[in-house]
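See below for the structure under consideration.
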Amino acid sequence: MGFSAVIFLSVVGGILAGDHFHSFMVGFSLATIAVGCCYWLSFRHTKYPQFALLLLISGFAVKLGITVFGVVWSLERELITSPFVFAMSYLFFSLVATYGYFKYREFWNSRIEAVKAKLQTV
């Protein structure tokens, strides 16, 4: 249900942003790249809590850096024609990407737990 709602809202947003499709796509691509890099860097497995905090902070800094660089680069090339469409697209897809990465992580953790449980019964 949630996946179909995300797809529906994405398609409707793309259709409604038809005049400013480049702004919509820049928001989509920047949000998914920034959240993906932040997620990849932040959620490493480590034994040391201090290192985990450092990874979270550096993940936030990378997300902020990618966003700022992407916005400046897009503005220089005049890809962002509507700041409002870009902002709404970035906000929506950053939430969607975060939801997607956490669901993906939950899926793989459940698979690993199932395999461990199966190995323990053998």
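The values are calculated or read from the model by the stated rules, or taken from the named source; none is laboratory data. What you are looking at is a predicted structure, and each value in this text was computed from that prediction instead of being measured. No Cβ is skipped: glycine too gets one built from the backbone with ideal geometry, and neighbour counts run over all protein chains shown. Only protein heavy atoms, including side chains, enter the accessible area calculation; ligands, DNA and RNA are left aside. Shrake-Rupley method; radii C 1.70, N 1.55, O 1.52, S 1.80 Å.
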- Angle, helix 21-42 long axis vs. longest principal axis of the chain, Cα atoms, 0 to 90°, nearest 10? 30
- Would you mind telling me the share, in percent, of accessible area of the chain contributed by carbon and sulfur at probe 1.4 angstrom? 74
- Pop out the ³J(HN,Hα) list for region 76-83 in order, Karplus 6.51 cos²θ - 1.76 cosθ + 1.60 with θ = phi - 60°, rounded to Hz; leave Gly and Pro as x. 5, 8, 6, 7, 8, 8, 9, x
- Which whole-number value in Å² is the accessible area per residue of region 62-122, probe 1.4 Å? 76
- What distance in nm separates the simple spin-label points at I112 and F3, each placed 7 Å from Cα in the Cβ direction? 2.2
- Item | Gap separating the Cα centres of region 6-25 and region 41-108, nearest whole Å | 20
- Query: Of the peptides 61-72, 8-19, 26-37, 102-113, how do they stack up when ordered by the mean number of other Cβ atoms within 10 Å, highest first?
  - Reply: 26-37, 61-72, 8-19, 102-113
- Item | Charge tally in the Cβ shell below 14 Å around R105, where Lys, Arg are +1 and Asp, Glu are -1, R105 excluded | +1
- Task: Report the label-to-label distance for L54 and S29 in nanometres (one decimal), using points 7 Å from each Cα along the Cα→Cβ vector.
- Result: 3.4
- Task: Name the residues whose placed amide hydrogens come within less than 5 Å of the amide hydrogen of T81, ignoring near sequence neighbours (fewer than 5 apart) on the same chain.
- Result: S23
- Query: Quick one: helix 2-16 against the long Cα principal axis of the chain, what's the angle to the nearest 10°, folded into 0 to 90?
  - Reply: 10
- Tell me the Kirkwood hydrodynamic radius of the chain in angstroms, computed as one over the mean inverse distance between distinct C-alpha pairs. 16.3
- Message: Could you work out how much longer the chain between F84 and V72 gets when fully extended? Use 0.36 nm per residue separation minus the Cα distance between them, nm to one decimal.
- Response: 2.7 nm
- Message: Helix-only estimate, please: 222 nm mean residue ellipticity of the chain, summing -39500 (n - 2.57) across DSSP H runs of length 4 or more and dividing by its residues, to the nearest 500.
- Response: -30500 deg cm²/dmol
